[in-house]
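Following: one structure in structure tokens, then a few remarks.
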Amino acid sequence: MTLRLKINLIVGTLTLLFIAAVILLQLRSLREAVHEEVVAANRVAAQMLNRTASRYAAQGGPAILNFLQGMGRVRSNDITLLDREGQELYRSPPSLYKTGRDAPAWFAQLVSPPISTQAIDLPDGKLLVRANASRAALDAWDYVRQLLIVSLLLLLAVNALVFWLVGSSVRPFGQIVGALNQLQAGRLDVRLPRFAGTEAAAIGSAFNRMVDQLEHQFETEGRALRAELQLSNSRELTRWIDQQIERERHMIARELHDELGQSVTAMRSMALSIAQRMHALDPQAEAAARLIADESSRLYDAMHGMIPRLTPLLLDNFGLTEALRDLVERTRLSQPDLRLTLSIELGQSVLGSDAALALYRAAQEGISNALRHGQAQTLLLAVEGSATTVSLRLQDDGQGLPADWSDRAGHYGLRWLTERVEALGGALVVESAQPRGVCLLVQLPIDAAAAAVAS
């Protein structure tokens, strides 16, 4: 059921109730008027005939009969003359008012008073004056019928007027519904015109503001989605580049360890052999050979120092725990005054190669920064694992972070490390420690690490 039809039904019902109330009041008023008229007419006629007919009756029956015939019809009364035996001598003629028509019996019974008869005793008979409300009831019926016709016409006119007015008022709602359907279909360029009515204008204005907001929100979400896609592509590219770099570093470290290391070892062995042979024959050749052996030894040590910085070979062969222990031992040997504490509690955590390498690089970069920039004397390296995450925490007692350190153009190592950790779905935080120093915290999800390994 439409709003227009509902309003028409409400107005029509109220109009019908109003008409019914008016008709009931009119019926009550008509009934009282008919009662008053008929009863009063009957009493007046009886009193008049009582005085007048008595004088004529004294002159004899023909005199009273002539009197009644000459008087004729009395309004709202039927007059009957009876002789002593009850025989009817005279009856007043019927009314000529609206002759041939009568009100419906149920209506006449509704508005007519109880039939009352006044009897006047005469010397030669009896005169009966009976109330007759048929004409008054007919007048009331004609009035009510006219009232019903006028009320029906009024009802039709009011409903037609309301139908037209409501149609004009709710016409904008059809446009609003159409605009909502277009909006549901995905059209964000739909707009509503300015409507005339206060409510329709408010709805149209609110709809236009909503569409503008939706359009702006969709544009914002689109830009965010594009930015997220670009960031994802950038992360994938960064991850791919990082993997390629790690692969090249690993290959170089393997070449240094397997090929160059054996060659340098062979050079040292041959130089020592030559030095032994030339010990008695040529002291200068012996000294040159020993010099070559010493340089080969220094080259071998330098090469072995480069290999862990290129890639931790222990990480591939023995895992993160042994690789971190080796890093700590080498740091202690290079920094005898440094107090470095290592705590590893991985439990049942299973790390993929990418996650283990990211944690190792974080420890490596953090130790290097603490020694190079913070002049730290004490370091605490802790690795903890659970069923879902693994975290690495490195805290030093150095000089701490400068106030404007985040605005500086450097920190390439930390930016590279942050991108690597975020590519694995983790987070890296660098903050000041209490009472002094810096705390580096890395957290990686196990599932992301496993996914990275699987990919």
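Let me see the P(r) profile for region 37-76: every Cα-Cα distance counted, bins of 5 Å, each bin given as a percent of all pairs.
5, 24, 27, 23, 13, 6, 1
Please work out which option in (1) 1.05; (2) 0.96; (3) 2.68 gives Cα Rg over 2.2 N^0.38 Å calculated from these coordinates, and answer with its label.
Recomputing Cα Rg over 2.2 N^0.38 Å here gives the entry labelled (3).
Return a whole-number percent for the relative contact order of the chain, with Cα pairs under 8 Å and 6 or more residues apart as the contact set.
So the answer I get is 9 percent.
Rounded to the nearest whole Å³, what is the per residue volume of the convex hull around the Cα atoms of region 1-133?
Enclosed volume per residue, from the Cα hull, is 121 Å³.
Residues with beta-carbon under 12 Å from that of ALA103, excluding ALA103: net charge, scoring Lys, Arg +1 and Asp, Glu -1?
Here the count lands on +1.
Kindly express, to the nearest 10 degrees and within the range 0 to 90, the angle between helix 320-334's C-alpha long axis and the longest C-alpha principal axis of the chain.
With rounding to tens, the tilt is 50 degrees.
Separation between the ASP301 and ASN208 pseudo-spin-labels, each 7 Å from Cα along Cα→Cβ, expressed in nm?
Distance between the two pseudo-spin positions: 8.4 nm.
For region 124-187, take the alpha-carbon Rg, divide it by the Kirkwood Rh, and send me Rg/Rh.
Radius of gyration relative to Kirkwood radius: 1.67.
How much net charge surrounds ASP294 when only the other residues with a Cβ under 15 Å from the Cβ of ASP294 are counted, with Lys and Arg +1 and Asp and Glu -1?
0
Can you work out the PRE-style zone for THR341? Point 7 Å along Cα to Cβ, and I want the residues of region 350-367 with backbone N under 20 Å.
Residues 363-364, 366-367 qualify, since their backbone N sits under 20 Å from the label point.
At 0.36 nm per residue, and after removing the present C-alpha to C-alpha distance, how many nm does the segment from ILE115 to THR389 gain when stretched out fully?
Length difference between fully extended and current span is 87.9 nm.
Measure nothing but the geometry: give the 0 to 90° angle between the long axis through the Cα atoms of 412-423 and the longest principal axis through the Cα atoms of the chain, rounded to 10°.
It is inclined by approximately 50 degrees.
Which ³J(HN,Hα) values, rounded to whole Hz and listed in residue order, are derived for region 30-46 from phi using the Karplus coefficients 6.51, -1.76 and 1.60 in 6.51 cos²θ - 1.76 cosθ + 1.60 with θ = phi - 60°, glycine and proline given as x?
Whole-Hz 3J(HN,Hα) from phi for region 30-46: 5, 4, 5, 5, 5, 4, 5, 5, 5, 5, 5, 4, 5, 5, 5, 5, 5.
I'd like the orientation of helix 134-184 relative to the chain: the angle between its Cα long axis and the longest Cα principal axis, in ° from 0 to 90, rounded to 10.
That works out to roughly 10 degrees.
To the nearest 0.05, what FRET efficiency results for TYR97 and LEU17 with a Förster distance of 30 Å applied to their C-beta separation?
Efficiency for this residue pair is about 0.30.
Run through all the Cα pairs of region 11-84 and give the fraction in each 5 Å bin from 0, expressed as whole percent.
Distribution as computed: 3, 13, 16, 15, 10, 8, 7, 7, 6, 5, 4, 3, 2, 1, 0 percent.
Amide H to amide H, which residues 5 or more places from LEU122 or on other chains are under 5 Å from it, using H placed in the peptide plane?
Sorted by chain and number, the residues that satisfy this are LEU127.
Quick one: if you stick a label point 7 Å off each Cα along the C-beta vector at LEU155 and GLN47, how many nm between them?
Between LEU155 and GLN47, the simple spin-label model gives 4.4 nm.
Sort region 86-127 into rounded, prolate or oblate with this rule: let a ≥ b ≥ c be the square roots of the eigenvalues of the Cα gyration tensor; rounded if a/c is under 1.5, and if a/c is not under 1.5, prolate when a/b is larger than b/c, oblate otherwise.
Taking the square roots of the gyration eigenvalues as a ≥ b ≥ c, region 86-127 is oblate.
So, in nm, how far is label ARG31 from label GLN443 when the simple model puts each one 7 Å beyond its Cα toward the Cβ?
8.8
Tell me, what HN-Hα J-couplings in whole Hz come from the Karplus equation 6.51 cos²θ - 1.76 cosθ + 1.60 at θ = phi - 60° for each residue of region 215-220, using x for Gly and Pro?
Using θ = phi - 60°, the values come out as 4, 5, 5, 5, 5, 5 Hz.
Using the Karplus curve 6.51 cos²θ - 1.76 cosθ + 1.60 with θ = phi - 60°, what ³J(HN,Hα) values do you get for each residue of region 265-279, in whole Hz, with x for Gly and Pro?
Each residue of region 265-279 in turn: 4, 5, 4, 5, 5, 5, 5, 5, 5, 5, 4, 5, 5, 8, 4 Hz.
Quick one: length gained pulling ARG325 to ASP282 fully straight, 0.36 nm per residue minus the C-alpha distance?
10.8 nm
Read-outs throughout are calculated quantities, based only on the coordinates presented, and are distinct from any laboratory measurement. In this text the structure is predicted, and so the values were computed from the model without any measurement. Because the Cβ atoms are built from the backbone with ideal geometry, glycine has one as well, and the counts that use them run over all protein chains shown.
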